[in-house]
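Trainee: If you scroll down you'll find the structure; I have some questions about it.
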Amino acid sequence: MNSFGNRLRECRKKKGLSQNELAKALNTNHSVIGKYERDDVKPSIDAVKRIAELLDTTVAFLAGESEDGFVFEDKKMLQRLKDILNLPEKDKEAILYNLDALLRDAKTRMAYQ
């Protein structure tokens, strides 16, 4: 299983940040980031939340509780999903039914291109 440090390093590199750049964004020293990545030191939950936000991932992914580090980068899409979640169940089901049909059609078109 990947440790916090390994997941942190993976996300930092995927984001294209150096340890120095991440440290500056967190108002700390690059040596602290190195210690996190080597699992020498465990950050506070507040630090983990901030790191997850900066690296566009989740606390659950960094902590090893989830294998999915995906976070919506498309803020408009995320807002749409939040709007759907706040609808009455009947409306939500209707929207998701139609969305499923549209996705299925789009995937079929892509398969034949």
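Trainee: Over the range 30-112, with every protein chain in place, what whole percent of the accessible area is carbon and sulfur at 1.4 Å, could you tell me? Before the final figure, lay out the partial values.
Mentor: On the way: 3560 of 6290 Å².
The nonpolar share, carbon plus sulfur, comes to 57 percent.
Trainee: Select one label from (i) 38, 24, 23; (ii) 51, 37, 26; (iii) 96, 38, 28: the one whose number is Cα extents along the principal axes in Å as derived from the coordinates shown.
Mentor: Label of the calculated value: (ii).
Trainee: Hey, another quick one. Against the longest alpha carbon principal axis of the chain, how many degrees, from 0 to 90 and to the nearest 10, is the axis of helix 45-54 turned?
Mentor: In the chain, helix 45-54 runs at an angle near 60 degrees to the longest axis.
Trainee: Rounding to the nearest 10 and keeping the result within 0 to 90°, find how far the Cα-based axis of helix 89-111 lies from the longest principal axis of the chain.
Mentor: 90
Trainee: A further question on this structure: Hey, what did the chain get for relative contact order, percent, Cα under 8 Å, at least 6 apart? Spell out each step's value before the answer.
Mentor: Numbers: 79 pairs, mean separation 22.6, N = 113.
After rounding, I find 20 percent.
Trainee: Sticking with this one: Net charge near ASP39: determine it from the other residues with C-beta under 14 Å of the C-beta of ASP39, scoring Lys and Arg +1 and Asp and Glu -1.
Mentor: Working: positive: ARG7, ARG9, LYS35, ARG38, LYS42; negative: GLU10, GLU37, ASP40.
With Lys, Arg at +1 and Asp, Glu at -1, the net is +2.
Trainee: Tell me the mean residue ellipticity at 222 nm calculated for the chain from its helices only (DSSP H runs of n ≥ 4, each -39500 (n - 2.57), averaged over every residue, nearest 500).
Mentor: Theoretical 222 nm ellipticity from helices: -19500 deg cm²/dmol.
Trainee: What length, rounded to one decimal in nm, is gained on full extension from ARG80 through to ASN29, with 0.36 nm per residue of separation minus their alpha-carbon distance?
Mentor: 14.6 nm
Trainee: Determine the sum of side-chain charges near GLY5: Lys and Arg each +1, Asp and Glu each -1, restricted to other residues whose C-beta is under 12 angstrom from that of GLY5. Mind dumping the intermediate values first?
Mentor: On the way: positive: ARG7, ARG9, ARG12, LYS35, ARG38, LYS42; negative: GLU10, GLU37, ASP39, ASP40.
Local charge sum for GLY5: +2.
Trainee: Rounded to the nearest 0.05, what FRET efficiency is calculated for SER3 and LEU103 with R0 set to 41 Å and r the Cβ-Cβ distance?
Mentor: 0.70
Trainee: Starting from 0.36 nm per residue, how many nanometres of slack lie between GLU65 and LEU87 once their C-alpha separation is accounted for? The partial results should precede the final answer.
Mentor: Numbers: separation 22, 0.36 × 22 = 7.92 nm, distance 2.90 nm.
Length gained, GLU65 through LEU87: 5.0 nm.
Trainee: Sorting MET110, MET77 by accessible area (1.4 Å probe), largest first, what list results?
Mentor: MET110, MET77
Trainee: Return the aspartates and glutamates within reach of LYS15: Cα separation strictly under 16 angstrom, same-chain partners fewer than 8 residues apart disregarded; answer none if there are no such residues.
Mentor: LYS15 reaches GLU37, GLU53, ASP56, ASP68, GLU73, ASP74.
The values are calculated or read from the model by the stated rules, or taken from the named source; none is laboratory data. Quick caveat: nothing in here was measured; it's all calculated off a predicted structure. FYI the Cβ positions are ideal-geometry reconstructions off the backbone, even for glycines, and counts take in every protein chain you see. Side chains are part of the model used for accessible areas, which takes the heavy atoms of the whole protein and leaves out ligands, DNA and RNA. Shrake-Rupley method; radii C 1.70, N 1.55, O 1.52, S 1.80 Å.
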